[in-house]
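See below for the structure under consideration.
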Amino acid sequence: MLLANHPLLGKTITGDTASKLTIRAADDVARFSLRIDPAAIQAAGAAFGMPLPTRIGGMVEAGGRMALQLGPDEWVLTAPVAESDGIADAFAALGETHSLVDIGHREVGILVEGEAAALALRSAIAFDVEAMAVGTGCRTLFDKAQIVLIREDTNRFRIEVWRSFADHVWGILHAVSREIALGL
Amino acid sequence: MSNFRIAGKGRVNRSRQLRFTFDGVDYNGFEGDTLASALLANGVHLVGRSFKYHRPRGILTAGSEEPNALVGSNRGNGRFEPNTRATVLEVFEGLKTESQNRWPSLTRDIGAVNDALYMLFSAGFYYKTFMWPKSFWDKVYEPVIRNAAGLGKAPTAPDPDTYASRFAHCDVLVVGGGAAGLAAALEAGRSGASVILCDEQSELGGSLLSEPSAEINGQLAWDWLEDTNAALAAMPNVTVLPRTTAIGYYHQNFVGLCQRLTDHLRIVPDGAPRERMWKVRAKQVVLAQGAIEKPLVFAGNDRPGVMLAGAARTYLNRYGVKVGNRVVAVTSHDSAWHAAFDLAKAGVEVAAIVDVRGTVPTQLVAAADALRIRTLIGWTVTGTKGRLRVSSVRVNPVGAGGKVGGAETIACDALLMSGGWTPSIHLFSHTQGSLTWNEDGQMFLPGRGKEECRLAGAGKGRFSLKAAFEDGAAAGAAAAADAGSGAGFGAEPASYHVEGELSFTGVTGRELPTDLDPGHAKAFVDFQNDVMAKDIRLAVREGFKSIEHIKRYTTNGMATDQGKTSNINGLAVASDALKRPIPAVGLTTFRPPYTPTSFGTFAGYNKGALFEVTRKTPIDGWAEENGAVFEPVSLWRRAWYFPQVGEDMHAAVARECKAVRSSLGIFDASTLGKIEIVGPDAAEFMNRMYTNAWTKLAPGRCRYGLLLGEDGFIRDDGVIGRLAQDRFHVTTTTGGAARVLGMMEDYIQTEWPDLKVWLTSTTEQWSVIALQGPNARKLIEPFVEGIDLSEGAFPHMAVATGKICGVPTRLFRVSFTGELGFEINVPARYGRAVWEKLFEAGQRFGITPYGTETMHVLRAEKGYIIVGQDTDGTLTPDDAGLSWAVGKTKPDFVGKRSLSRPDMLAANRKQLVGLLTSDPKTVLEEGAQIVLDPNQPVPMDMVGHVTSSYWSAELGRSIAFAVIQGGRSLQGKTVHVPMPDKVHSATIAGMVFVDPENKRLSA
Amino acid sequence: MLLIRCPYCEAERPEVEFAYAGEAHIARPADPSVLSDDEWRDFLFIRTNPRGRHFERWRHMHGCGRFFNAVRDTVTDKFSMTYKAGAPRPSDEEIALASSAADSAASVKDARP
Ligand SMILES: [Zn+2]
């Protein structure tokens, strides 16, 4: 296989202490955009191997796979890279009308972790990040870049961003982490 | 150097002495000083020259409302800011400052000749003076005015600072950290609500910082303040933001705060932002912004050394600085008496208190008597003297019936004045809350609000400390209760016991009475814009009746201070001149920002590399390493051309073109928009969206698609491949990707929700490598698995999935050059590796990377249009020569109905045609206008313009496209392109210049 | 920046996530070919452009992606209500009910001293 490459490959920002703020590029994952009538969600869950969330913003995680509902008929599914073909095959066999599109290379994951994680995100996200429930996600804007934000834990967020917008998001996070390290 | 610092007074840190300069002179100050307090401590009152008349000006106030004392501040390393208010600029070691609007020096300013000519510069002088001759405006008047007027000089170097921004959501935002704001924050904080408390000063306290002898609940004010600071700091739910100005209040309790982070630091840490814009969404807002003291309007009220009484009191009590050695106070309000008392008690000689009122509270007179201060009750001030600093004040008794008696002159080196106080209602006004006129207090007070907002304390006319505390506490408690319903909310607010209240009565009026000619009195209303009372009266005499018109004609209140000290005085004068009550004259609108705010704060992170998103393809890094010159295309940066050593753009593009036509070129087409359209109704959806017919397109084949708006004009185009019965791979223009997806979503969601079809953007899923040239197939054949590349199995406009270099690919046999070509889609993370592998293997064919310019030339040689360059939103398919792409038998598609509207069928529509210049060496300018008769009189009848124009190395001549009225019927005709140097002529031609039979596509 | 309630997400979200999309309740004719030139012109270009209550389309562009409808006052910029695409134009009573619910949640303070 050829060398894989993306804008943030191997990058990390560590604040003055790692517990306060660490920002790093996430490991690659397989990603799919699933579009399906919500009435057929159970069958889709069966194909994916776990029940899918049933309200916008809802997220389900199990066995290294994650499903997040972004819109009334839109889910994003992630899984370990090696499981990509299996997921595509499973949905190809799904009887219900749907659309499954591989977006694994479209996006880059960024992990924002630490006590100051929410504070760092507040620099460029307009909605109330502090009030976001753990285990939920949504599409939103980070400065001028559209992202998907997932709150994996109180102090751990994951940003999914189209690869050509990743540098911009990273650049702002870099500036923000410096402010936070300086206590400003 | 004189020392006006008073031992034992003030809050400045005497153990931290700081050196700074003003106009090149070294001075000392202390930590905690502003530039104004430090200059006054050194006996410096003269700090600038006024805007219009270049009159010497001093320090009027002690706060952000300062109209006069504007300086240039230099914080080193290119950090220069003009028009910084000396009253808010915190002194630090090494600070350099300079006065403005003077030449050659502050004390000898040639511009001061304007002061002698003041009658020429009265209200509306621009409109009256510079009307004629018209030609003088650009060459004489404007340059001279621009040179002479204006205050500070704009910095010439780029701003080296960085700026930050932050969103915040809270239950209660308290604006202002004085008595009312602190009480509000304490109540709201104790209730458990999330609270943000901001204050524009370096420390909390507001007027309490100038009020050390007041006692609050048995504690001296500063002790209470210390405990309160600690109490607030101990509450994790309370965020305290000093040095933070609330600059604007918008719908739904959205408030902008500008926080100054590093301006007060001597050493700014690397990467530390200068300022941060907070964008706060508060459930409830408490405005506790206090009140601003009004000047009195009398001749010479702008002389250095004349200042507001409350400011003098602040300089004494907060900074330990006496503003003079022998002062006089003139007032219409009690508060100036307290300033005079405090100064007298600190050992300053108070020569007199002049009160324009007929009677004043007896306890004030008694207190003055006890301090042996002369009181002149019912007197007026009619002038001041002193060239660069006040040296005396002229006072007169006012008899019964208003007759002004004989003058007396009192020597002084500072004159304190007070015309009463104006509640600071600016932010409330931003919300379009109504204001009501309070006749007793001669002030506007907040009326009905439009937002979830309360006002408290002096900002709502409650001037006593006790009232401010209790008002603030009530507002804070109620705001917290309204913000949430959880436990702890809605407790009974605390009560406050205050000793040492000041008395706070007074009257407000127009100009002080005088025995001199008021028509010549230099009695200033707006200090920053140099507007005098007589200017406002002149405006009224000349027929202006609305305060909004008077404001614009006189410029009263239009300076950067937005009339914080001048609006009410201006209104009082206008009201008197118009013989109408103040509320009938009205108040001008306050607008954000509350105080001048740097551009950087608004920009936040968006400067330099982060100014805008710069999208780069997976192959961008290779292009950069290989010397590409880039051009921006929408948000993308794209390789424009790849110059070799010694090549200019022309040579590079000619070489790149030749390589593609003769052997092999490689091009990064990753920015092409891509949309995956999936579902059983995919073909039906395509039929409805695009002009072309899709039903019969077989899987594995591609078609050129043309997209119109409902108005019938071309919106986008691209090659579309059918991957399966229910799956299309659509490409769009680079710039049109998001727009096309949005338009398609609109139709699916709102017009045809019954269609079973979904759209997914895959622009960034795929890297696209275009291989173009007669050797393209030979190059890729050994790398491709699972696709038969032979002409018969994989002809022009075929698409297939398989593998290339071991990774998955969607391989398109397409050409935007007219040569045999492929567009190789590979998953984005492998784009660069596949590119490098093909580039290496292509060396035997002389593979040549080419950029967007060569791509443009090659496609133009073949007559392929670029939507957005050759079309401009007014071209129909027929105008563009694309009728062949319109499915005539389809019953409907987006835009079809518009194509038969009468105007769309007119014969003289502009049509896209080819253009060949008579001189083959002439490359026309894109955008150049076209005429039929070059000898007609100007303005000529322009029949069209050039849309694309290039040098074609293949043809050894220039080629162009143009839109021309009825162009297709003018084939072979000569048209003319008048340019500044000469008129070019050209012949209208077809659009295909190279290989019209398309033989090369299948070579 | 306004807060706009997305009827699909059932949440108030910041204005930057949304895009305006023109006047609402202008359905594309089922068969445009039967329309006269004037009727088609009206469909394309003629809008009410009212001072005051306006029925308009928005898209939760950087959110759930859905187009929806809103009732907004063009003078005060205040949204009375939002509702899903395809739902009928709300009646005066429904709008009054929705905006009074919004008002009681956000009661206007009398700031009079
Ligand atoms: Zn939504």
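The values are calculated or read from the model by the stated rules, or taken from the named source; none is laboratory data. Source: prediction; values computed, not measured. Please note: Cβ atoms are built from the backbone with ideal geometry, for glycine as well, and neighbour counts cover all protein chains shown. Side chains are part of the model used for accessible areas, which takes the heavy atoms of the whole protein and leaves out ligands, DNA and RNA. Shrake-Rupley method; radii C 1.70, N 1.55, O 1.52, S 1.80 Å.
Applying the Karplus relation 6.51 cos²θ - 1.76 cosθ + 1.60 with θ = phi - 60° to segment B:176-192 yields 3J(HN,Hα) values of x, x, x, 3, 5, x, 5, 4, 5, 5, 4, 5, 5, x, 5, 6, x Hz, where x marks Gly and Pro.
Using the Cβ-Cβ distance between residue B:202 and residue B:28 with R0 = 22 Å, the FRET efficiency computed as 1/(1 + (r/R0)^6) comes to roughly 0.70. Inter-label distance, residue B:326 to residue B:215: 3.8 nm, where each label sits 7 Å from its Cα along the C-beta direction. Starting from the amide H of residue B:973, placed 1.01 Å from N in the peptide plane, find each other amide H under 5 Å away whose residue is 5 or more places distant or on another chain. Sorted by chain and number, the residues that satisfy this are B:988. Using C-alpha pairs below 8 Å separated by at least 6 residues, the relative contact order for segment B:268-371 is 20 percent. Taking every DSSP beta bridge that has both ends in segment B:13-126, the antiparallel portion is near 90%. The tail of the calculated P(r) for segment B:667-850 beyond 20 Å holds 53 percent of all Cα-Cα pairs.
How would segment A:30-102 be classified by its alpha-carbon gyration tensor: rounded, prolate or oblate, with rounded meaning a/c under 1.5 and the a/b versus b/c comparison settling the rest? Oblate, because a/c is 1.5 or more while a/b does not exceed b/c. Residues whose amide H lies under 5 Å from that of residue B:382, counting only those 5 or more places away or on a different chain, are B:394, B:395, B:396; hydrogens are built 1.01 Å from N in the peptide plane.
Please give the contour-minus-distance gain from residue B:995 to residue B:651: 0.36 nm per residue of separation, less the Cα-Cα distance, rounded to one decimal in nm. All intermediate terms of the calculation are to be shown ahead of the outcome.
Working: separation 344, 0.36 × 344 = 123.84 nm, distance 2.31 nm.
Extra length from residue B:995 to residue B:651 when fully extended: 121.5 nm.
Short-range pairs are left out: with C-alpha atoms under 8 Å and at least six residues apart, the relative contact order of segment B:13-126 is 29 percent. Remark on residue B:422: its backbone amide H falls under 5 Å from those of B:292, B:293, B:294, a criterion applied only to residues 5 or more positions apart or on other chains, H modelled at 1.01 Å from N.
Both radii are taken from the alpha-carbon atoms of segment A:67-129; with Rh as the Kirkwood radius, Rg/Rh is 1.09.
The value of relative contact order for chain B, using C-alpha pairs under 8 Å at least six residues apart, is 9 percent.
For the chain pair B and A, the interface hides roughly 4300 square angstrom of accessible area in total, found with a 1.4 Å probe. Surface analysis of the protein assembly as shown yields an accessible area of 39 Å² per residue, using protein heavy atoms and a 1.4 Å probe. Which stretch or stretches of segment B:677-707 have amide N atoms under 15 Å from the point lying 7 Å from residue B:883's Cα along the Cα→Cβ direction? Answer for this model: none. Between rounded, prolate and oblate, where does segment B:13-126 land on the alpha carbon gyration tensor, with a ≥ b ≥ c its root eigenvalues, rounded for a/c under 1.5, else prolate if a/b exceeds b/c? Taking the square roots of the gyration eigenvalues as a ≥ b ≥ c, segment B:13-126 is prolate.
In sequence order, segment B:824-836 has phi-based couplings of 9, 8, 10, x, 3, 5, 9, x, 5, 5, 5, 3, 5 Hz under the Karplus curve 6.51 cos²θ - 1.76 cosθ + 1.60, θ = phi - 60°, and Gly or Pro positions carry x.
Can you tell me the 0 to 90 degree angle between the C-alpha axis of helix B:335-345 and the longest principal axis of chain B, rounded to 10? Result, in degrees: 60. Accessible area of the protein assembly as shown with a 1.4 Å probe: how many percent of it is carbon plus sulfur? Here carbon and sulfur together make up 54 percent of the probe-accessible area.
Chains C and A: what accessible area do they bury, summed, in square angstrom to the nearest 100, with a 1.4 Å probe?
Details: alone 7920 and 9330 Å², together 16290 Å².
The buried area between C and A, both sides summed, comes to about 1000 Å².
On association of chains C and B, roughly 3000 Å² of accessible area becomes buried (total for both chains; probe 1.4 Å).
What is the Rg over Rh value, at two decimals, for segment B:549-604, using alpha-carbon atoms and the Kirkwood definition of Rh?
On the way: Rg = 14.0 Å, Rh = 12.6 Å.
Rg/Rh: 1.11.
A simple spin-label model places the labels of residue B:983 and residue B:117 4.9 nm from each other, with each point 7 Å out along Cα-to-Cβ.
Among C:34, C:75, C:16, the largest mean-square fluctuation in a Gaussian network model of chain C, built with springs joining Cα atoms closer than 10 Å, belongs to C:34. For the residues C:82, C:74, C:48, a GNM of chain C with alpha-carbon springs under 10 Å puts the largest fluctuation on C:48.
Report the extension gain between residue B:1002 and residue B:919 in nm, rounded to one decimal, defined as 0.36 nm multiplied by the number of residues separating them, less their alpha carbon distance. Could you put the intermediate results ahead of the total?
Working: separation 83, 0.36 × 83 = 29.88 nm, distance 3.34 nm.
Gain on extension, residue B:1002 to residue B:919, equals 26.5 nm.
Between helix B:737-746 and chain B, what is the angle of the helix's C-alpha long axis to the longest principal axis, kept within 0 to 90° and rounded to the nearest 10? In chain B, helix B:737-746 runs at an angle near 90 degrees to the longest axis. Once both labels are positioned 7 Å from their Cα atoms along Cα-to-Cβ, the gap between residue B:267 and residue A:85 label points is 6.0 nm. If R0 is 22 Å, the Cβ-Cβ spacing of residue C:48 and residue B:892 corresponds to a FRET efficiency of close to 0.25. When all alpha carbon pairs of chain B are counted in 10 Å bins from zero, the resulting P(r) reads 2, 10, 15, 16, 13, 11, 12, 11, 7, 2, 0, 0 %. Rounded to whole numbers, the Karplus 3J(HN,Hα) couplings from phi for segment B:958-973 are 7, 9, 8, 10, 8, 9, 9, 4, x, x, 5, 7, 9, 3, x, 7 Hz, using 6.51 cos²θ - 1.76 cosθ + 1.60 with θ = phi - 60°, and x at Gly and Pro. For the protein assembly as shown, the fraction of alpha-carbon pairs lying more than 60 Å apart is 29 percent, rounded to a whole number. Does segment B:812-865 come out rounded, prolate or oblate by the C-alpha gyration tensor, with a ≥ b ≥ c the root eigenvalues, rounded set by a/c under 1.5 and, if not, prolate when a/b is larger than b/c and oblate if not? It comes out prolate by the Cα gyration axes.
Among the GluC sites (Glu not before Pro) found in segment B:750-847, those both in a DSSP coil and sparsely packed, with 16 or fewer other Cβ atoms within 10 Å of their Cβ, are B:791.
The slack in the chain from residue B:387 to residue B:552, taken as 0.36 nm per residue of separation less the alpha-carbon distance, amounts to 56.3 nm.
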